[in-house]
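Here is the structure we will look at.
Taken together, the values in this text are just the output of simple stated rules run on the coordinates, not laboratory data. Model, not experiment: these values are computed from the prediction. Here the Cβ is made from the backbone with ideal geometry for all residues, glycine too, and neighbour counts use every protein chain on show.
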Amino acid sequence: MIPVAPSETPADISIPCVAAADGVAMGTIHVLRLDPDPSGDSARIFSVEEVRQAVESTHAQLEAFQRRIHSRIEESVTQVFRAHLAILHDKDLMDWIEGGVRAGRPAVAVIREAYGHHIEMFSRSPVARLREKVQDLEDIANRLVRNLHGGGQGGAGLHGRIVVAHALYPSDLLRLVAQDAAGAILIGGGTTAHINVLARSLQLPLVVCDASGAGRLTEGTAVLLDGGRGRLMISADPEVLTAYSQLSAADQAAPRPLHPCTMTADGCRVRLLANVGLLSEGQMARDLGADGVGLYRSEIPFLLRDDPPNEDEQVDIYRRLLDLAPGGDAAIRLLDLGGDKIAAYFPHDLGPNPSLGLRGIRFSFRHPEIFTCQVRAILRAGHGRRLRILMPMVSSVDSFRDVRAVIERCAASLAGAGIPHNPAPSLGAMIELPSAVLLVQEIAREADFLAIGTNDLVQYILAVDRSDDQVAAWYVPWHPAVLRAVRQIIDAAVVCGRPLSVCGDMACDPVLLPLLLGMGITAFSVPPRRLSRVQDAIRGLRMDTSAALAARTLASPTIAGVEEQLGLPPSRFRRGPAAPLGHGGVKES
Ligand code: PEP
Ligand code: MG
């Protein structure tokens, strides 16, 4: 059963926020910024030796975090704390600090001064990558000061802490996880869908608050965060707290293995696949008994690193994925970089409107060296294995053919060089753009399989940026136009006899599942942690009643009519744009 969130009581102080990555966390706030001296003894005089000792302790802590992240995330080959270590040992900074200490000044003041100067300089930089470094500088300065005072929290990491940040990048998330943070709050809505996806993969509960809520989130305040429902409470009523702690325990319980074969109550077989971003999720999908990997987001290893993985490194990742995938079946999606999934080393591709810019295969065509390197790696990894390749952001038959031509050229070049590879992978198209819906029959004829990316389909049909909180309430997955598009895609797949799955958030929405099933979808790809809940929901549904529901719902030309059929409360988009994504359910990916 899907746990029900306890409702709030007047005793709770709720801070408005938007759901970003599900999970419940309770803990005390830690604000990522330059702390005041934690000991309050900022005038104390330390020797140069003591400062050096604090630098060594900080170094050892950072290395320990690095080891911890490696043990949890195999593909983070990069040193996520490398920049931290470089800053820690930076000669200019060390000369400044040691010079001040030798002159008899209090070490804490000199550390603050030296780091503060660089923070000020970096935060004014027009270069985004330098601005990103501000948080690293703040973190190290805080660690150094704490270690100078004999360690404490800096050494213990962030266990039980809910971190408040004004910006979060993929490497920040890795660091928070390495330091065992319980959850995170992003202030100012600077989130992007890939940060949400990554936070979910890393199982780090996350919400986004606007700046007005930040004032209450002071260091040490006890808070309760529900990242799936978009709730943040301080001074919560003890009863609510208890109810939430039970929910928290349920959320954190290991996901339940699936029944061997997913069937509706009236015996229709449904395929349950997993969306995978990290290899650890592939392992989880296998352990739980999923039917395969319906979507492997190959951009995730690119986003976790400071430089793109080379061909051999990618071969290794894809091979391990194919070996892990249940039944050896995984649809490897070609890079979907761009839009809000910008790797730190491609800062210039953002453009004025990233969602409509160089994204997915457009990005790959702009960077042919990255494109061919990835395709070669996938083909090599698929040697002797079943191989399915999925194309993101297909907008025309032509773009599908262009990608196929690149794949064929790479296969020919590998064959010419005598390199073992899979010469004939199955090729699938993500149907997630309105243009692809209008041409879906023709694309289906060319493709071996189709996958509906509802996250983007909703975004592009409704012209609602999926990462812009200001328009979140207009992101209505059950909008009649979206449902009609899904109807067209299903019809084309049936006419052309092509396998079809849904791999966007709609696939794990308990309210929309019967609708999709009733429309004829029988393969759903969802995050591994949601597999058993989705299976439970499917096992309780009948095809005949679902089909009747779908027929009634699709007959409605209005959002209100659809909501009435689905038993949803009147749409929040008529109540103003502050409402969170989803209809109180868990936003998934
Ligand atoms: C989608 O668009 O629905 C999808 C599954 O892909 P992503 O969320 O990675 O864009
Ligand atoms: Mg998509």
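In this simple spin-label approximation, R269 and D323 carry label points 7 Å from Cα along the Cα→Cβ vector, and these lie 2.9 nm apart. Per residue, the convex hull spanned by the Cα atoms of the chain amounts to 148 cubic angstrom.
Maximal additional length on extending the E313-D398 stretch stands at 27.5 nm, based on 0.36 nm per residue less the C-alpha distance. Absence of a disulfide-compatible partner, taken as no other cysteine beta carbon within less than 4.7 angstrom, is noted in the chain for C261, C268, C373, C410, C496, C503, C508. The label-point distance for E74 and A43, in a model that sets each label 7 Å from Cα toward Cβ, rounds to 5.7 nm. The angle separating the long axis of helix 48-72 from the principal Cα axis of greatest extent in the chain is about 10 degrees.
Per-residue extension of 0.36 nm, minus the Cα-Cα distance of D536 and Q488, leaves a gain of 14.5 nm for this segment.
Between helix 238-252 and the chain there is an angle of about 70 degrees, using the helix long axis and the longest principal axis of the Cα atoms. Taking trypsin sites (Lys or Arg not before Pro) across region 96-147, the ones in a DSSP loop with at most 11 further Cβ atoms lying within 10 angstrom of their Cβ are R124. Computed packing ranks the peptides 216-226, 160-170 as 160-170, 216-226, most packed first, by mean other Cβ atoms within 10 Å. Restricting the calculation to Cα atoms, every distinct pair contributes to the Kirkwood radius of region 453-552, found to be 14.1 Å. Each helix, a run of at least 4 DSSP H residues, gives -39500 (n - 2.57); summed and divided by the residues of the chain, these come to -13500 deg cm²/dmol at 222 nm. Of the residues I378, G567, P528, the one whose Cα sits farthest towards the positive end of the charge dipole of region 271-575 is G567 (charges of +1 on Lys and Arg Cβ, -1 on Asp and Glu Cβ, taken about the Cα centre). Size estimate for region 431-477 follows the Kirkwood approach: the inverse of mean 1/r over distinct Cα pairs works out to 11.4 Å.
Taking the charge dipole of the chain about its Cα centre, with +1 at Lys and Arg Cβ atoms and -1 at Asp and Glu Cβ atoms, the residue from A481, F46, G282 reaching farthest to the positive side is A481.
Here's how it looks for A523: its modeled amide H is under 5 Å from those of R271, V502, which are all 5 or more places away or on a different chain.
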